[in-house]
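*Asks:* Below are the structure tokens for one structure; questions will follow.
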Amino acid sequence: MPSFYKEYHPYISPFDPCPPIKTKVYSTPPNLYLGFQPPHLPQFSPMEALKAGTLWKTFYDPYYGPNEKKS
Amino acid sequence: MKQLPPEYYQLLEQLQAIDFVLVELTLYLDTHHYDQDAINQFNHYVKEREKFKKLYESNYGPLLQYGNSPSGSPWDWDSAPWPWQV
Amino acid sequence: MWLYEKKLQYPVKVSTCNPMLAKFLIEQYGGADGELAAALRYLNQRYSIPDRVIGLLTDIGTEEFAHLEMIATMIYKLTKDATPEQLKAAGIGDHYVNHDHALFYHDASGNPWTAAYIQAKGDPIADLYEDIAAEEKARATYQWIINMSDDPDLNDSLRFLREREIVHSQRFREAVEIIKEDRQQRKIF
């Protein structure tokens with residue numbers, strides 16, 4: 001599966017009043033690429049699944065904000 | 001209203017984990033009617049859940065409404081705390 | 001028939017006392033792409049969708065009520081001990097004046113929930129594509145709320161809810177495939 005985050009670079013004009021954001025990132029989660037889920041994909045244990053938010057490892061795509069330190 | 005002991009949270013999380021597996025398998029089986037292995041896994045966890053449900057309810061009271069869980073004495077379905085207070 | 005189970009789907013924990021986050025969380029309570037909209041949308045569409053996918057709409061619709069309860073829990077925990085001054089400082093003074101500490105179905109800007117947020121075209125393809133879009137919009141909203149939050153425990157719950165949107169989107173995409181296929185040759189896993 002490809003990466004779950006993609007980048008693009010908006011046009012920066014010399015007349016933009018504010019400091020420009022050079023790179024924008026957007027999410028492309030696993031459900032875009034999997035098609036019909038095939039059987040017997042690898043699973044988490046029940047406790048891991050609860051924390052991850054899904055039973056199948058292929059769907060796991062955690063999102064962290066800029067204020068967080070990833071553990 | 002009695003306070004809940006620390007063991008409560010552990011047991012609750014174990015029950016939440018099993019129930020979560022059942023939710024995930026339910027949604028999967030809704031679009032995959034013929035996956036016998038998934039059906040077997042689902043039915044296995046249905047039995048597992050029964051054990052955890054009985055253990056939880058014997059200590060902390062009914063989980064389900066309208067007779068899907070038995071009542072204590074006096075009636076304890078509506079005793080505090082409720083899930084958002086816990 | 002509906003049954004209520006007296007436990008949350010996921011152990012919601014909030015560790016920072018920051019009522020400001022309640023202002024943003026309420027977007028997923030009473031907002032256009034929130035959990036109430038999702039639950040009512042799917043549970044209503046299921047009356048006019050082909051039999052094959054009624055189960056999926058019923059089950060996901062029911063799960064969305066569980067998520068609504070999780071959001072309510074987060075807002076409750078963040079605001080239950082706040083004084084009117086603290087609520088005002090958190091930017092929800094106008095909510096307090098109308099509702100005290102009660103929750104209500106409005107979005108982060110105070111717009112009340114409306115059925116205009118949902119649709120049921122009666123056309124399975126239109127309805128299922130609306131559902132996929134709804135899940136992606138909810139997923140994105142959780143990303144923006146996570147960006148606004150500095151509470152790691154709260155974010156764990158938000159990450160859970162965002163992951164659920166990914167899985168729901170997957171199931172609706174599968175439902176589209178099921179609707180598309182020719183009845184004559186069934187080839188489903």
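*Asks:* If we keep just the residues of segment C:90-138 that are among the hydroxyl-bearing types (Ser, Thr, Tyr) and within 14 Å of the chain's Cα centre (by Cα), which is farthest from C:Cys17 (Cα to Cα)?
*Replies:* Selected residue: C:Tyr117.
*Asks:* How many residues does segment A:16-30 contain that are over 28 Å from B:Glu48 (Cβ atoms) and either touching a residue at least 60 places away in the same chain (Cβ under 8 Å) or not in a strand (DSSP E or B) (or both)? Write out each step before concluding.
*Replies:* Start the filter on segment A:16-30 by keeping residues that are over 28 Å from B:Glu48 (Cβ atoms), which leaves A:16-29.
Remaining after also requiring either touching a residue at least 60 places away in the same chain (Cβ under 8 Å) or not in a strand (DSSP E or B) (or both): A:16-23, A:28-29.
Residues that pass the stated criteria total 10.
*Asks:* Name the residue, out of B:Ser58, B:Ser79, that is polar (S, T, N, Q), more than 7 Å from every other protein chain (Cβ to nearest Cβ) and assigned to a loop (DSSP other than H, G, I, E, B).
*Replies:* Criteria check complete, one pass: B:Ser79.
*Asks:* Which of the residues belonging to segment A:31-51 are more than 17 Å from C:Gln143 (Cβ to Cβ) and either of a type in the set (D, E, K, R) or not in a loop (DSSP other than H, G, I, E, B) (or both)?
*Replies:* A:Gln43, A:Pro46, A:Met47, A:Glu48, A:Ala49, A:Leu50, A:Lys51
*Asks:* Name the residues in segment C:126-144 that are away from chain A (no Cβ under 12 Å) and hydroxyl-bearing (Ser, Thr, Tyr), would you?
*Replies:* Scanning segment C:126-144 gives a single hit, C:Tyr129.
*Asks:* Which ones in segment B:1-35 are under 22 Å from C:Ser157 (Cβ atoms), facing chain A (nearest Cβ under 10 Å) and not hydrophobic (A, V, I, L, M, F, W, C)?
*Replies:* Answer for segment B:1-35, where residues must be under 22 Å from C:Ser157 (Cβ atoms), facing chain A (nearest Cβ under 10 Å) and not hydrophobic (A, V, I, L, M, F, W, C): B:Glu13, B:Gln14, B:Gln16, B:Asp19, B:Glu24.
*Asks:* Any residue that is more than 14 Å from every other protein chain (Cβ to nearest Cβ) and either touching a strand residue (DSSP E or B) at 6+ places or on another chain (Cβ under 9 Å) or aliphatic (A, V, I, L, M) (or both) - is there at least one of those in segment C:64-85?
*Replies:* yes
*Asks:* Listed residues A:Ile21, A:Ile12; which is farther than 17 Å from C:Gln143 by Cβ and of a type in the set (Val, Ile, Thr)?
*Replies:* Residue meeting the stated conditions: A:Ile12.
*Asks:* Going by the structure shown, is C:Asp81 part of a helix (DSSP H, G or I), acidic (Asp, Glu) and surrounded by fewer than 23 Cβ atoms within 10 Å (Cβ to Cβ)?
*Replies:* No, not satisfied.
*Asks:* Let me ask you something else. State whether one or more residues within segment C:96-113 are modelled with pLDDT of 95 or more, within 13 Å of chain B (Cβ to nearest Cβ) and in contact with a helix residue (DSSP H, G or I) (Cβ under 8 Å, 6 or more places away or on another chain).
*Replies:* Yes, segment C:96-113 contains at least one residue that is modelled with pLDDT of 95 or more, within 13 Å of chain B (Cβ to nearest Cβ) and in contact with a helix residue (DSSP H, G or I) (Cβ under 8 Å, 6 or more places away or on another chain).
*Asks:* A follow-up question, please. Filter segment C:152-172 down to the residues that are within 9 Å of chain A (Cβ to nearest Cβ) and acidic (Asp, Glu), then identify the one that is nearest to the chain's Cα centre (by Cα).
*Replies:* The residue in question is C:Glu165.
*Asks:* Moving on. Kindly indicate which of C:Leu36, C:Leu43, C:Leu56 is in contact (Cβ under 8 Å) with a residue 24 or more places away in the chain, out of contact with any strand residue (DSSP E or B) (no Cβ under 7 Å at 6 or more places or on another chain), hydrophobic (A, V, I, L, M, F, W, C) and away from every other protein chain (no Cβ under 14 Å).
*Replies:* Working: C:Leu43 fails: in contact (Cβ under 8 Å) with a residue 24 or more places away in the chain; C:Leu56 fails: away from every other protein chain (no Cβ under 14 Å).
One residue alone meets the criteria, C:Leu36.
*Asks:* Among the residues of segment B:47-63, are any in contact with a Pro (Cβ under 7 Å, 6 or more places away or on another chain), more than 26 Å from C:Arg173 (Cα to Cα) and modelled with pLDDT of 95 or more?
*Replies:* Looking through segment B:47-63, at least one residue is in contact with a Pro (Cβ under 7 Å, 6 or more places away or on another chain), more than 26 Å from C:Arg173 (Cα to Cα) and modelled with pLDDT of 95 or more.
*Asks:* Name the residues in segment C:113-159 that are of a type in the set (S, T, N, Q) and closer than 14 Å to C:Ala39 by Cα, would you?
*Replies:* If the condition is that a residue be of a type in the set (S, T, N, Q) and closer than 14 Å to C:Ala39 by Cα, then C:Thr114, C:Gln119 are the ones that fit.
*Asks:* So, in segment C:6-29, of the ones that are away from chain B (no Cβ under 14 Å) and more than 17 Å from C:Ala138 (Cβ to Cβ), which residue ends up surrounded by the most Cβ atoms within 10 Å (Cβ to Cβ)?
*Replies:* Taking the candidates together, the pick is C:Leu21.
The values are calculated or read from the model by the stated rules, or taken from the named source; none is laboratory data. Note that the structure is a prediction, hence the values are computed from the model and not measured. FYI the Cβ positions are ideal-geometry reconstructions off the backbone, even for glycines, and counts take in every protein chain you see.
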